[in-house]
Amino acid sequence: MRLFPAIAVAILLLPQSPAFGADLAHGRRLYLDPTLGNGTSGKCCATCHEQGRDLGPDLDQRTDFDVMGIAMKGLTEVVIFCIEVALRGERLEPRSQEMADLAAYLIWLGKEQRDPALPAAACR
Ligand code: HEC
């Protein structure tokens, strides 16, 4: 796997790299936050996607998603859908820093399928 070293380096650099404009640690906090988008269901992303469950390894590549039988275009649209429907919150601005950080974390976690820094209890 020739690609692997490049991907590993990219992942290692991702949390700090301003070039990506995204903060993985902040993304993780949002992933665990049931008040994201003023959510009222008491759920956070980690409730259903514990340790990256159901997150594909190619979230940065895909444009077509199928979420519970609903076709969606792009990761941002899926994130907004899950916030509105699962967290019962309000949409994040697609171009916000929160969306950028959360999306970067989702992409990272989808590839890793495991994050030792995620707590055992789902949300916080
Ligand atoms: C109540 C459960 C639930 C919660 C909470 C939830 N989701 Fe989802 N999510 C789903 C389901 C169900 C799917 C569709 C899974 C499938 O069809 O394989 C999905 C799909 C996704 C996908 C597409 C994954 C893929 O590879 O196709 C992403 C990305 C995603 N959710 C992000 C989030 C984010 C970000 C949050 C928190 C803001 C969140 N989800 C909260 C249930 C949930």
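No lab work stands behind these numbers, since they all come straight from the coordinates. Remember, predicted model here, so these are calculated numbers, not experimental data. Virtual Cβ from ideal backbone geometry, glycine too; neighbours counted across all protein chains shown.
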Exercise for the section: Could you calculate the contour length gain from I70 to N38, that is, 0.36 nm times the residue separation minus the distance between their Cα atoms, to one decimal place in nm? Expected result: 9.1 nm
Practice task
Give me the orientation-averaged projected area of the Cα convex hull of segment 22-112, in nm², one decimal.
Solution key: 5.1 nm²
Exercise for the section: Give me the distance in nm between label points sitting 7 Å out from Cα along the Cα-to-Cβ direction at A117 and R95, one decimal. Expected result: 2.8 nm
Practice task
Starting from the Cα of T63, step 7 Å along the direction of its Cβ; do the same at R88; then give the gap between the two resulting points in nm.
Solution key: 3.6 nm
Exercise for the section: Highest first, please rank the peptides 113-122, 45-54 by the mean number of other Cβ atoms sitting within 10 Å of their residues. Expected result: 45-54, 113-122
Fill in the blank from the handout: Summing +1 per Lys or Arg and -1 per Asp or Glu among the other residues with Cβ less than 15 Å from T63's Cβ gives -3
